[in-house]
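Peer 1: Sharing a structure, written as structure tokens. Questions coming.
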Amino acid sequence: MAGRTAVLRIGLVMLQGARHVHIAALQRAAEECNIEIEVHELRKASDLAAADPHAIVLPGGESTTMRLTGNHEASGLLPALFEWIRSDSSLPVLGTCAGAILLADPQDGGDPLIGANIDRNAYGRQSDSFQSPLKATILGRDFPGVFIRAPRFASHSESSSVAALHGEEVVGVRTGNRLALTFHPELSSDTGFHRWLLETATGAAT
Ligand code: GLN
């Protein structure tokens, strides 16, 4: 498969938040899957075109800060990124926590990138952050969930599927090749979701 031999370019949104742990998780995942990757750090709109990524990661952090930074004229990354993602429905995208909020509610006047409604900080305050095993239905196994001031999905569309469940609660939603998680997979030693992104991109990159 051509995609197996090519270097996979991963665009990582560097506006704020849990960026560097994602780099480490992507590199571990790449080694485990024997896929060669380059992580391209995205800070402004022009970084996106220069990177021409095969897959995108939107980390967690604080979505209000990310919106301010990413919509500022010095960056312009967020509007460019949302248009980039919309223009290719097969592009693999992983949004975690605040990244999931941005995908479900891009606030740029265009369609949501994930078919779900999401409520910010819906578990309560920082002290209501928690860890708990969850069912990663998309991976077909359990996964250690790390929830930090997490949002909650209020609903998801029929065109989307459940990617992860914490008890009865949906904590991961997949719309095509876009995956939104309300927890932080990069903070566990399990690289399953990052491997999913790379393997999906390898198929998409052929
Ligand atoms: N509370 C954050 C927000 O609303 C999300 C938290 C996170 O990404 N860990 O943007």
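The values are calculated or read from the model by the stated rules, or taken from the named source; none is laboratory data. A quick note: this is a predicted structure, and the numbers were derived from the prediction, not measured. Cβ placement follows ideal geometry from the backbone for every residue including glycine, while neighbour counts extend to all protein chains displayed.
Peer 1: Could you look through the range 79-105, keep only residues that are part of a loop (DSSP other than H, G, I, E, B) and away from the ligand (no atom under 16 Å from the Cβ), and pick out the one that is nearest to G60 (Cα to Cα)?
Peer 2: The qualifying residue nearest to G60 (Cα to Cα) is P92.
A quick yes/no check of all residues on (1) under 25 Å from F147 (Cα atoms); (2) surrounded by 21 or more Cβ atoms within 10 Å (Cβ to Cβ):
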position	(1), (2)
S46	no, no
L58	yes, yes
E62	yes, no
G70	yes, yes
G95	yes, yes
G99	yes, yes
L113	yes, yes
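Peer 1: Condition check: under 16 Å from E186 (Cβ atoms), in contact with a helix residue (DSSP H, G or I) (Cβ under 9 Å, 6 or more places away or on another chain) and within 16 Å of the ligand (Cβ to nearest atom). Does V21 satisfy that?
Peer 2: yes
Peer 1: Okay, moving on. Which residue out of L197, L139, L179 is closer than 27 Å to A24 by Cβ and free of Cβ contacts under 8 Å to residues at least 60 places away in the same chain?
Peer 2: Of the residues listed, the single one that is closer than 27 Å to A24 by Cβ and free of Cβ contacts under 8 Å to residues at least 60 places away in the same chain is L139.
Peer 1: Please go through the range 153-206 and give me each residue that is assigned to a loop (DSSP other than H, G, I, E, B) and more than 16 Å from C97 (Cβ to Cβ), ordered by number.
Peer 2: Within the range 153-206, S157, E158, S159, S160, G167, E168, G176, N177, S189, D190, T191, T206 qualify.
Peer 1: Would you say G109 is touching a His at 6+ places or on another chain (Cβ under 6 Å) and either under 12 Å from A180 (Cβ atoms) or more than 16 Å from the ligand (Cβ to nearest atom) (or both)?
Peer 2: For G109, the condition - touching a His at 6+ places or on another chain (Cβ under 6 Å) and either under 12 Å from A180 (Cβ atoms) or more than 16 Å from the ligand (Cβ to nearest atom) (or both) - is not met.
Peer 1: Determine whether the range 6-13 contains at least one residue that is within 16 Å of the ligand (Cβ to nearest atom), crowded, with 20+ Cβ neighbours inside 10 Å and under 26 Å from G145 (Cα atoms).
Peer 2: Yes, that holds for at least one residue.
Peer 1: Given the conditions (1) over 19 Å from D190 (Cβ atoms); (2) of a type outside the set (S, T, N, Q); (3) part of a helix (DSSP H, G or I), report the number of the one that E38 does not fulfil.
Peer 2: It fails just one condition, (3).
Peer 1: Further, regarding this structure: Return yes when I114 is among the β-branched types (V, I, T), at pLDDT 95 or above, part of a helix (DSSP H, G or I) and more than 9 Å from the ligand (Cβ to nearest atom) and no when it is not.
Peer 2: Considered against the rule, which asks whether it is among the β-branched types (V, I, T), at pLDDT 95 or above, part of a helix (DSSP H, G or I) and more than 9 Å from the ligand (Cβ to nearest atom), I114 comes out as no.
Peer 1: Hey, another quick one. Among the candidates L102, L113, L81, which residue alone is out of contact with any Lys or Arg (no Cβ under 8 Å at 6 or more places or on another chain) and either in contact (Cβ under 8 Å) with a residue 40 or more places away in the chain or within 12 Å of L15 (Cα to Cα) (or both)?
Peer 2: Only one candidate passes the filter, namely L81.
Peer 1: Working only within the range 127-162, note down all residues that are surrounded by 19 or more Cβ atoms within 10 Å (Cβ to Cβ), away from the ligand (no atom under 13 Å from the Cβ) and of a type in the set (G, A, S).
Peer 2: Answer for the range 127-162, where residues must be surrounded by 19 or more Cβ atoms within 10 Å (Cβ to Cβ), away from the ligand (no atom under 13 Å from the Cβ) and of a type in the set (G, A, S): A136, S160.
Peer 1: Here is a further query. So which pairs qualify, if the first residue must be in the range 145-165 and on the phi > 0 side of the Ramachandran plot and modelled with pLDDT under 95, the second must be near the ligand (Cβ under 9 Å from one of its atoms) and not in a loop (DSSP other than H, G, I, E, B), the Cβ gap must be under 7 Å, and the two must be at least 6 apart or on different chains?
Peer 2: Within 7 Å, the pairs are R149/Q126.
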